[in-house]
Structure formats: C-alpha cells, structure tokens
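Asks: Quick one: structure below, then a few questions.
The values are calculated or read from the model by the stated rules, or taken from the named source; none is laboratory data. For clarity, every value in this text was computed on a predicted model and none was experimentally measured. Cβ: placed from backbone, ideal geometry, glycine included. Neighbour counts: every protein chain shown.
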Amino acid sequence: MAKTIQSIRGMHDILPEQSAAWQYLETTVRQLLSRYGYREIRTPVLEVTELFKRAVGEVTDIVEKEMYTFADRNGDSLSLRPEGTASCVRAGIEHGLFYNQQQRLWYTGPMFRHERPQKGRYRQFHQVGVETFGITGPDIDAELIALSARLWQELGLKNVRLELNSLGTPASRAIYREKLVEYFSAHLDVLDEEAKQRLHSNPMRILDTKNPATRPIADAAPSLHDYLDEESKQHFQQLCSMLDEMGIQYVINPRLVRGLDYYTRTVFEWITEELGSQGTICAGGRYDGLVSQMGGHETPACGFAMGMERLLELMQVQEQALNTTVPDIYLVLAGEQATQKGIVLAEKLRTDLPQLKLQVNTGGGGMKAQMKRADKSGARYALILGEQELAAGEIGFKPMQDAEAAQLSFKLSELSQQLAAQLQ
C-alpha cells in the first residue's frame, strides 16, 4: 500500500464540522463592515517579493526569516503574502483608488509565514484586514477601534483588553531611536542574542521582549512619549478623548510597538489572557507614509488585522454559540415509490420555503438506519414518508430533540403551510 500523504506542517484542513463556525464568524464580520460603509477588496495570495521588502521592511523577521519565497520559471522572485496591507496598498496605487479620494476597504483570506507552529500560530493562517485611506484625523482611528469593539459585542466575547500607544512621526521616532540605541548599548551584558541583533536594525522591538531576563532593562528604557512631536501628542489626546466619550475602556501602553516598519502615530492591540502566550486577537494603527513609500502620492492611512483562528479559539474557550449549520428537517424515505416522490417533494418545499434547511436521505436504507442518520444530522425534525403514508396522502412529522413529543401527521397537499407554522 502506498504511503499516505498528509498536510504540510503548520497548515490545517478545516473540516465540515468546523466550517460552520468559520461561516458564522465571516458572516458576522461581513455584515458589520457593510453597516459601517466598508467595501471588500480581493487581492492575489502571490506577489512579487519586492512588494513585501519595500512595505514590511527588509530587516524585519517577516522578510528575513518567515516568508515563503521562490523563483518562478521566468526567474522572478515571488512570495506568498505574509500579511494583507502591502497587497491592498499595491492594488490601490495600481488602480487609482487613493489620489484625492477616501477609501474604506476590507479583505479576508489566508496568509503565510514560516514560523514554528504552536497553538494559535500557524504557517497558513487567516486574517480579516480593514484599511482606510485619505483620512487624516483621529476620528478614523476612533471609528476603527469602535468597530472592533462592536464586533466583540456581537460575537459575545468578554475579557478583551484594548492597549493604545502613539509611535509619533518618523522624525520624532528617529530621535527616540538614537536614545534607545544609546541606552541599550550601555546594557549589552544583559541583552539576549535577539535583542543584540535588533539593537541597530529595529531597537524599538526590544521594548516588547518576552525574555524575563531582558524585561527589567526594557521596562526602564526611555519612554517614546517623552520624544513625541506636538502634532502627534495632540492627535493621540483627541483619540483618547473620543474613546472616553464612547465609553470604550483602554490602557495606554508606552511599550506597545508593532513588528512592521510602516506604522506611525496610533497603534493598538486587543488582548485576551485566555489564549496563553498568543493573546493578541486584533492589532493595527496608522501608517501615513506607506502609500508614498510604495510609489503613490502622500496618503494618510489607518487600519487593523485580526486572526480568524484566534477569534474562533477564544469563542470556543468562552463557550460562545457558533451557529452550527444543521438542517431544520431530515426527510426519511422508505420504499421505492416514496423515494421517487420524496425528491420531487423536497424541491417543492425548497421553492415554497426558501429559508428552509432540508436534508434528504439518499442511498436507501431501512427505517431504523435512516432515523439514526436523521439523529446524527442534528435536525430539529424528521419528515417520514413511506408507502403507507404515501397511499394516505400524508407524511409523518417527528420532533427529534424531544423524546417525549408525539409524532404528527400532515397532509401532503398542505405540507408547506404546516411546516411554515411549525418552524416560526
């Protein structure tokens, strides 16, 4: 027997019993974004590698260590997308969506990073990204945070904490960067190897170190807020004031940074303590320089991304209902004539009752076997059509969730009306 082939490490199948939860989450997100006036954009999963080098930054872990990159048959370097913002910006510039325009866009789909697989972190993972362009003020920052807060409410999620920070402008951050390099250089003896590597490439990333030995030194480092330019300070104060007015609670975390080079001013994360070390379920902020960095006109931008797997895991941990897709009715057909009649009857019911979720028994089987299938399907009711019912012009109607409930009989000629009344 040939050896079976299994999925690639860190890339998982989403099985039918799991996909219902995914559909529920995707539908909830899609409907909420539509209510806020956001439109969907769909971009390829494969882009030229230069796009991510330019957008994400060549000295980031994503580009240096994690991207799936290869040369195609023409010798061009291509990469599977590790995140969605770069592709969204590329598409906006290419198709003229940004110049003198405001855009509210969103997308969803798989992203790819060659990381060490662990709970909540996979090599193929799925994100929803929300991006806005052409809006300068802190009001759009506040809208994005309010939108995400409302999503948690609609999903029934609890114990999710909002952390906020401002990274200032590139100019003010450059001054702060020099202070950080000077500070950490005086503590080389306690820095781990990763921190030493970041010292001259991206010293702000040392601030969010997870190493307990390095943490005290990082906590005592100079604060970025002491070096913010006046305009960034005002932007951040106005944002906080709007969140206060909306009753959205937050924690200001001056050590909150982002792993991507293109962020400026506002950065934020929604964090839970219920998923272990992978506690960030949504992260974003402002990236006003990215569009021009990618070759477009100067365009203010702000957005966020959230991991679908982590949201679903949190919903499961908090035992939120996931709207599993089960049929309303399972149609049991006993006998050749009943089977022929049943297929026609099912299509009539689907026409008369468009919202009805109806599963028809196929492949034959005795009454006992079919009732077991009906039970396994999770259907609320079973319709039972055999030769005896067919001769009488009737059909049996049996509640499946209540063992004490009596089976009823409906006339076939009145079945659509009877079911509409029962399923209200």
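Asks: Could you please tell me which pairs satisfy a Cβ distance under 6 Å, a separation of 6+ or placement on different chains, a first residue in the range 1-22 that is in contact (Cβ under 8 Å) with a residue 60 or more places away in the chain, and a second residue that is charged (D, E, K, R) and in a loop (DSSP other than H, G, I, E, B)?
Replies: Every condition considered, the pairs that remain are G10/R123; M11/R123.
Asks: What single numbered condition from (1) of a type in the set (G, A, S); (2) more than 25 Å from the chain's Cα centre (by Cα); (3) closer than 30 Å to Y99 by Cβ fails to hold for A213?
Replies: (3)
Listed here are the residues, each with its yes/no results for (1) outside the structural domain of M308 (by TED's automatic domain parsing); (2) of a type in the set (A, V, I, L, M); (3) modelled with pLDDT of 95 or more; (4) over 21 Å from the mean Cα position of the chain (by Cα).
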| residue | (1), (2), (3), (4) |
| --- | --- |
| K3 | yes, no, no, yes |
| Q6 | yes, no, no, yes |
| A21 | no, yes, no, no |
| V29 | no, yes, yes, no |
| E40 | no, no, yes, no |
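Asks: Filter the range 402-419 down to the residues that are under 23 Å from P354 (Cα atoms), outside any strand (DSSP E or B) and either free of Cβ contacts under 8 Å to residues at least 24 places away in the same chain or of a type in the set (S, T, N, Q) (or both) and list them by number.
Replies: S413, E414, S416, Q417, Q418
Asks: Still on this structure, I have one more. Answer yes or no: is there a residue in the range 276-286 that is of a type in the set (S, T, N, Q) and either in a helix (DSSP H, G or I) or over 22 Å from the mean Cα position of the chain (by Cα) (or both).
Replies: no
Asks: Another question, if that's okay. Scan the range 342-396 residue by residue and report those that are in contact with a Pro (Cβ under 6 Å, 6 or more places away or on another chain) and assigned to a helix (DSSP H, G or I).
Replies: S377
Asks: If you check L312, L275, L256, which single one turns out to be in contact (Cβ under 8 Å) with a residue 24 or more places away in the chain, touching a strand residue (DSSP E or B) at 6+ places or on another chain (Cβ under 7 Å), assigned by TED's automatic domain parsing to the domain that holds N159 and of a type outside the set (G, A, S)?
Replies: L256
Okay, residues lined up against (1) buried (at least 18 other Cβ atoms within 10 Å of the Cβ); (2) of a type outside the set (S, T, Y); (3) over 20 Å from F52 (Cβ atoms); (4) not assigned by TED's automatic domain parsing to the domain that holds R265:
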{"site": "T85", "(1), (2), (3), (4)": "yes, no, no, no"}
{"site": "H95", "(1), (2), (3), (4)": "no, yes, no, no"}
{"site": "R113", "(1), (2), (3), (4)": "yes, yes, no, no"}
{"site": "V128", "(1), (2), (3), (4)": "yes, yes, no, no"}
{"site": "D141", "(1), (2), (3), (4)": "yes, yes, yes, no"}
{"site": "I145", "(1), (2), (3), (4)": "yes, yes, yes, no"}
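Asks: Q234 is checked against (1) touching a residue at least 12 places away in the same chain (Cβ under 8 Å); (2) under 23 Å from S166 (Cα atoms); (3) assigned to a helix (DSSP H, G or I) and fails just one. What number does that condition carry?
Replies: Among (1) touching a residue at least 12 places away in the same chain (Cβ under 8 Å); (2) under 23 Å from S166 (Cα atoms); (3) assigned to a helix (DSSP H, G or I), the lone unmet condition for Q234 is (1).
Asks: On the given criteria, is R81 under 18 Å from E269 (Cα atoms) and at pLDDT 95 or above?
Replies: No: the conditions fail for R81.
Asks: Still on this structure, I have one more. Does the range 265-280 include one or more residues that are of a type in the set (K, R), in contact with a Gly (Cβ under 8 Å, 6 or more places away or on another chain) and within 19 Å of I62 (Cα to Cα)?
Replies: No, every residue in the range 265-280 fails to be of a type in the set (K, R), in contact with a Gly (Cβ under 8 Å, 6 or more places away or on another chain) and within 19 Å of I62 (Cα to Cα).
Asks: All but one of (1) in contact with a helix residue (DSSP H, G or I) (Cβ under 9 Å, 6 or more places away or on another chain); (2) modelled with pLDDT under 95; (3) assigned to a helix (DSSP H, G or I); (4) assigned by TED's automatic domain parsing to the domain that holds E115 hold for I217; which doesn't?
Replies: (4)
Asks: Determine whether L164 is buried (at least 19 other Cβ atoms within 10 Å of the Cβ) and not in a helix (DSSP H, G or I).
Replies: Yes.
Asks: Since E64 meets every condition but one in (1) more than 30 Å from R150 (Cα to Cα); (2) at pLDDT below 90; (3) surrounded by 17 or more Cβ atoms within 10 Å (Cβ to Cβ), which condition does it not meet?
Replies: Against the list (1) more than 30 Å from R150 (Cα to Cα); (2) at pLDDT below 90; (3) surrounded by 17 or more Cβ atoms within 10 Å (Cβ to Cβ), E64 comes up short only on (3).
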